[in-house]
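These notes are about the structure you will find just below.
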Amino acid sequence: MSGPGPCCVDPGAKQSHTVQGTEETTGGLKTYKTGEGKSAIVIFTDIFGFSFINTRKIADTFAQSTGTTVLVPDLFEGDSLDPNASRSELLEKLPTWLPKHPVDKACLAIDKYISTIKGHYDSIQVIGYCYGAKLVVHLIIHPELSSAVKAGAVAHPTFLVNEEAEQIKRPILFQCAEVDERFPPDMRQHFEKTLSPTGLATFIDYPGTIHGFVIRPGDSPETIQQRDKAVQDAIQFFKKNL
């Protein structure tokens, strides 16, 4: 299993945004909620968590562009890593932080979360970034909860394993960085080859990008352009599967 490494702790260029939503508690987790649609998109975050301004900016964009309610649960219960910390501090903290927040624990929390909200929306779609991508795949291969999820998307995923490819039961979008040690070429090829006959998967490549580019892009115009394209590609995917 390929887990977080040095590429996961770079918060990218500083971003600003005036948030449009509010915080509430849903399914036992504090949640950022934006939009008022009858269908829902749930965002599963990277290690910087549900308060990260970059994530809330994308959540607001999704809500405005799709007409859905967008939910961003706090996977780490107030203990996400601080995007304002230095890279050296984050690298030092990651080895002790991660064992406190194993993906298995997050999967259990998300099972409860989806079970709680599934009766309140016409449809539910999910998207995960880095750490959060594992939760998307967990849900769309789940023997029971996969029926509650219309479609899923992952961007620069972490923690995936080849065996999951054969189990995917819902449409899925892979947003792939050009260089990504967390989702290396051999794993990507396995998923693509396995899923190709099913017609369930779409793979989009973003040239000149590295792991983390959607949530945590650098400040070059090329990187920002690819980030913006990835957000729009996700929006089109969601609209298709509403």
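Every read-out reported here was derived from the displayed coordinates using simple, explicitly stated rules and does not represent laboratory data. No experiment lies behind these values; they were computed from the predicted model shown. Note that each Cβ is placed from the backbone with ideal geometry, even for glycine, and that neighbours are counted across all protein chains shown.
What longest region of the chain stays clear of trypsin sites (Lys or Arg not before Pro) that DSSP places outside H, G, I, E and B and that have at most 16 other Cβ atoms within 10 Å?
Numbers: sites that count: Lys14, Lys38, Lys118, Lys169.
Result, exposed sites excluded: 39-117.
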So, in nm, how far is label Gln236 from label Lys112 when the simple model puts each one 7 Å beyond its Cα toward the Cβ?
3.9 nm
Net charge of Cβ neighbours under 11 Å - reference Ser147; Lys, Arg +1; Asp, Glu -1
+3
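Using a 10 angstrom Cβ neighbour count of at most 12 plus a DSSP loop assignment to flag exposed GluC sites (Glu not before Pro), which longest range of the chain is free of such sites?
On the way: sites that count: Glu36, Glu144.
With GluC sites (Glu not before Pro) excluded where exposed in loops, the chain gives 37-143 as its longest stretch.
For the chain, build the convex hull from the C-alpha positions and give me its volume per residue in Å³. Intermediate values should be presented prior to the final figure.
On the way: hull volume 26.8 nm³, N = 242.
Spread over its residues, the Cα hull of the chain gives 111 Å³ apiece.
For Lys30, what charge total do you get from the other residues with a beta carbon under 12 Å from its beta carbon, if Lys and Arg give +1 and Asp and Glu give -1? Mind showing how you got there, number by number?
Working: positive: Lys33; negative: Glu23, Glu24, Asp74, Glu77, Asp79.
Neighbourhood net charge equals -4.
Run the helix sum for the chain: -39,500 (n - 2.57) per DSSP H stretch of 4+ residues, divided by residue count, reported at 222 nm to the nearest 500 deg cm²/dmol.
Numbers: 6 runs with 79 residues, N = 242.
Value at 222 nm, helices only, nearest 500: -10500 deg cm²/dmol.
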Let me spell out the model: positive unit charges on the Cβ of Lys and Arg, negative unit charges on the Cβ of Asp and Glu, origin at the Cα centre of the range 51-133. What dipole size does that give, in debye rounded to 20?
100 debye
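Magnitude of the Cβ-charge dipole of the chain, K/R +1 and D/E -1, about the Cα centre, nearest 20 debye?
Values: 24 positive and 29 negative charges, 112 e Å.
The calculated dipole for the chain is roughly 540 debye.
Take every Cα pair under 8 Å in the range 6-240 that's 6+ residues apart, average their separations, divide by the length, and report that relative contact order as a whole percent.
On the way: 449 pairs, mean separation 44.7, N = 235.
Relative contact order here is 19 percent.
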For the chain, build the charge dipole from Cβ charges (+1 Lys, Arg; -1 Asp, Glu) around the Cα centre, then report which of Leu29, Gly119, Cys130 sits farthest towards its positive end.
Gly119
Cut-off under 13 Å on the C-alpha distance; same-chain residues fewer than 8 positions from Lys239 excluded. Which aspartates and glutamates are left, in chain and number order?
none
Stretched fully, the stretch from Asp186 through Glu222 gains (0.36 nm per residue minus C-alpha distance, one decimal, in nm) 10.4 nm
How much net charge surrounds Tyr206 when only other residues with a Cβ under 12 Å from its Cβ are counted (Lys, Arg +1; Asp, Glu -1)?
-4
Unsatisfied cross-links (Cα-Cα over 19 Å) in the set Lys30/Lys240; Lys100/Lys134; Lys14/Lys105; Lys33/Lys57; Lys134/Lys229; Lys169/Lys193
Lys30/Lys240; Lys14/Lys105; Lys134/Lys229
Report the residue, chosen from Thr22, Thr34, Thr69, that carries the largest GNM mean-square fluctuation when the chain is represented by alpha-carbon nodes joined by springs under 10 Å.
Thr22
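Mind checking the dipole of the range 94-237: about its Cα centre, +1 per Lys or Arg Cβ, -1 per Asp or Glu Cβ, Debye to the nearest 20?
Working: 14 positive and 17 negative charges, 96 e Å.
Magnitude of the dipole: close to 460 debye.
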